[in-house]
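What follows is a set of notes on a single structure, which appears directly below.
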Amino acid sequence: MSGLRRRLRGAAQWVVDAVMGNGLAQTEHGETIWEGGVAAAETATLARRAAAEGCVLLANDGTLPLEGTGEVAVFGRGQFDWFAIGHGSGGDVRPPYLTSLIDGLAQARIPYNRVLAQMYDDWCHSAEHAAETGWWGHWPTCHPQMPVSPELAQAAAATAEVALVVIGRNAGEDQDLPLAPGGYYLSDEERTLIRTVVGVFAHTVVILNTSNVLDLAWVEEEDMRPSALLLAWQGGMEAGNAVADILSGTVNPCGRLACTIARAYHDYPSSTTFGNKRVVRYAEDVFVGYRHFDAHDADAVLFPFGHGLSYTSFCVAPRSLQVAEDAATVRVDVTNTGARAGREVVQLWCELAGGPIAKPRRVLAAFAKTRELAPDERQALCLHVRLDDLARYDESCHAWVLDAGSYRILANDVAVGKLSIGESRILGVCTPLCDSVEELRERIVSALPSELPRGEASDAPLRFSDVVDDPSSIDRFVAQLDDRDLEALSCGEGLMNSALGVAGNAGAFGGVTPSLKSLGVPAAICADGPSGARLQRPCTLLPSATTLACTWDVELVERLYALLGNEVRTAGVDVLLAPGMNIQRNPRCGRNFEYFSEDPLVTGRMATAVVRGLQSSGVSACPKHLACNNQERRRNTCDSRVSERALREIYLRGFHMCVRDGRPNLIMTSYNKVNGVWAHYHYDLVTTVLRNDWGFAGLVITDWWMRPARSPEFRRLRDNSYRIRASVDVLMPGSMSHVLRIMERPHGISRAELQRTAKRVLRLLATIQP
């Protein structure tokens, strides 16, 4: 490891050698900047705050904050080998620096046992024990621990009352967390370490640096119970400083869980089907996360959704509940009743009225976060509830139904009032999903577009700049394109790291052929996200999406992604493949770190903040993966079998909110099948729901590459033609079978369908800032 990293003075400890000399510089005042002149200071400061506010203090007997405790002893190799982010396309960002926990303690001036730290430093970075890096889909989920004898622990305890124990865990793309020691469970080494330290020290703080929820049943074992338990998640490049801010009390913990932590893995209702190779049945239906535990198994919860401790206390006092035709407004006062400044999250819960089918006992209806309140300071908050967020989807009538009855509203655990619905209401009608090939074929044929008429031969050819200046001219521009130009617009250039853009990009689409370039059509350059931009140059490494969700601060997230958008736009990125929006159905999903929550409301609001932030800076956002990409094992072959009700209430609801409130320019489909059809060929998912029901008018792209298949509805269509008919516009990064051969066959893909795709691509390209 020492050959790959080098020590820095100042803001960080480690910098990857490949990054040094590749865009990192300093101003005359010593401020770090990225190539292109994007200042890092503001972004790093906000990222540090987000990482700290996303930490969740699960338990604390008063040991934290570390004030007047003297020297601390730090155990666990994670003090140096910190997992800053998860693995894969969503996390493999080249940060300008990384901060470890030891860096953070030093900068926070928290004294620590330097003899012990040096022992760990020497052991961890020796040739024999250096951390392995692994390879795609086979990254280490944890690293071996340095043996700690009772004698060593006792020697450290002679100068310190408080011990910090770091437990690290990681997963990633193509790699779910194994249901094994060193994966979901603590390894034997980790259990021994915690037991040894707890048995010697008066106070032990366990810090969980993890991409995923882990088994925490051990915290109830007498000989392993810590004095404090801090869930630090993955805080990106500022993680070490952020955790030290929490430990020192510089930042008062204000993170709250956006997931439920159960006592045992088998308590999660998805545990029986997660990871299946071919068919994954979502047997729990709408009862995901707290919806299941509240209704069926409350005793199985170790740390509930929304849980998180603070160093101070708050009082939430309801002021009013006002109900309109389609919404309700709740006003509350939040007062800091403790002795330290801090922030509070107000979660507005609605206990649902009964109805003809089983429903969750309660749902999260809204949330808000205070500013930092001084002791005795009060803030009034106003929270808005959409009544359609309280409705259930009724498959019998394909509608959103708000059942008659009484809906009790609570702010955290304080009763606010009741919504009384006299008669059941239909709040929205959806187009039913097709049950048969014949029905779907008829639906598709009835909606096929008409070909745009070609202009007169005497008409002067239009250039793309004419479309930018006059958007109404897009039909004339598209009508003049030949079939090869239209085909080219329906596929990316063909490879990742396109020569048309910044090194390390994910690919390009649009003006990728000489013919299109001659008309002035630009290429759009994509980069992987959401934790930054995966490029061959430095980029800010943000906290994981899970960390950001635990801040419950949408304004903070929007500001953070506006700054990131400015940075990546300067680097030459037009589309950032973010945010990740899949529901955390199971704690072992390898890409949970890219996703926000088990709850669709939190997911939708956080994703909307990411989209707004990015697009405010001129970078197009691309929420992903539509839909039900809830496991990494066999993600390219598995079939997510889910009821239409669960699909709409849980797995699509966040996407709907994001489309409605964030208005993203693009959407990315997922690899998996949804009820028997690959998402990138799924007409009902992309056209019926996304475009028709929700009104999405933007561009739909595939995840990178897709599975070959033939259309059941139109047997002459396969692969790209099948995809285009489903209204999935662009295959990324490109290639596969040619469309033009299919155009020559009866019932083949039509020129009109290619023109429809071309118009969407060109409208997106018109938003690119030069």
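The values are calculated or read from the model by the stated rules, or taken from the named source; none is laboratory data. These figures come from a predicted structure and were not determined experimentally. With ideal geometry, Cβ positions are generated from the backbone for all residues, glycine too; neighbour counts draw on all protein chains shown. The protein model used for the area step is the full one, side chains on, heavy atoms only, and it has no ligands, DNA or RNA in it. Shrake-Rupley method; radii C 1.70, N 1.55, O 1.52, S 1.80 Å.
Within region 252-268, not a single residue is part of a helix (DSSP H, G or I), open to solvent by 10 Å² or more (accessible area, probe 1.4 Å), of a type in the set (D, E) and in contact with a Lys or Arg (Cβ under 8 Å, 6 or more places away or on another chain). Consider region 646-666 and keep the residues that are of a type in the set (A, V, I, L, M, F, W, C) and either open to solvent by 10 Å² or more (accessible area, probe 1.4 Å) or in a helix (DSSP H, G or I) (or both). The one that is nearest to H625 (Cα to Cα) is F655. Cβ separations smaller than 7 Å between residues 6+ apart or across chains give the following pairs from region 580-606 residues that are within 18 Å of P664 (Cβ to Cβ) and at pLDDT 95 or above to residues that are open to solvent by 10 Å² or more (accessible area, probe 1.4 Å) and among the basic types (K, R): P600/R653; G604/R653.
Of all residue pairs spaced 6 or more apart or on separate chains, those with beta-carbon atoms under 7 Å, a first member in region 93-110 that is of a type in the set (S, T, N, Q) and a second member that is assigned to a loop (DSSP other than H, G, I, E, B) are T99/A12; T99/Q13; S100/Q13; S100/F80; S100/W82.
Residue count for region 333-365 under the criterion of being assigned to a strand (DSSP E or B), in contact with a helix residue (DSSP H, G or I) (Cβ under 8 Å, 6 or more places away or on another chain) and open to solvent by less than 30 Å² (accessible area, probe 1.4 Å): the result is 4. Apart from one condition, S320 fits all of (1) surrounded by 14 or more Cβ atoms within 10 Å (Cβ to Cβ); (2) among the hydroxyl-bearing types (S, T, Y); (3) assigned to a strand (DSSP E or B); the exception is (1).
Among residues of region 197-214 that are open to solvent by 10 Å² or more (accessible area, probe 1.4 Å), those with a beta-carbon under 7 Å from a residue that is of a type in the set (V, I, T) and assigned to a loop (DSSP other than H, G, I, E, B) at least six positions away or on a different chain give the pairs H203/T63.
Within region 696-719, track down each residue that is crowded, with 19+ Cβ neighbours inside 10 Å and assigned to a loop (DSSP other than H, G, I, E, B). If the condition is that a residue be crowded, with 19+ Cβ neighbours inside 10 Å and assigned to a loop (DSSP other than H, G, I, E, B), then F696, G698, T702, D703, W704, M706, S711, E713, F714, L717, D719 are the ones that fit. Taking the criterion of being of a type in the set (S, T, Y) and either free of Cβ contacts under 8 Å to residues at least 12 places away in the same chain or open to solvent by less than 10 Å² (accessible area, probe 1.4 Å) (or both), the residues of region 609-637 that qualify are S617, S620.
Residues are listed down the side, and each one gets a yes or a no for (1) under 12 Å from L762 (Cβ atoms); (2) of a type in the set (D, E); (3) surrounded by 14 or more Cβ atoms within 10 Å (Cβ to Cβ):
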{"residue": "P461", "(1), (2), (3)": "no, no, no"}
{"residue": "D466", "(1), (2), (3)": "yes, yes, yes"}
{"residue": "V478", "(1), (2), (3)": "yes, no, yes"}
{"residue": "G492", "(1), (2), (3)": "no, no, yes"}
{"residue": "V502", "(1), (2), (3)": "no, no, yes"}
{"residue": "I525", "(1), (2), (3)": "no, no, yes"}
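Out of region 87-137, which residues are surrounded by fewer than 22 Cβ atoms within 10 Å (Cβ to Cβ) and among the acidic types (D, E)? Listed by number, the residues that qualify are D92, D121, D122, E128, E132. Only one of these is open to solvent by 10 Å² or more (accessible area, probe 1.4 Å), aromatic (F, W, Y) and within 22 Å of A59 (Cα to Cα): F314, F293, F274. Name it. Matching residue, one of F314, F293, F274: F314.
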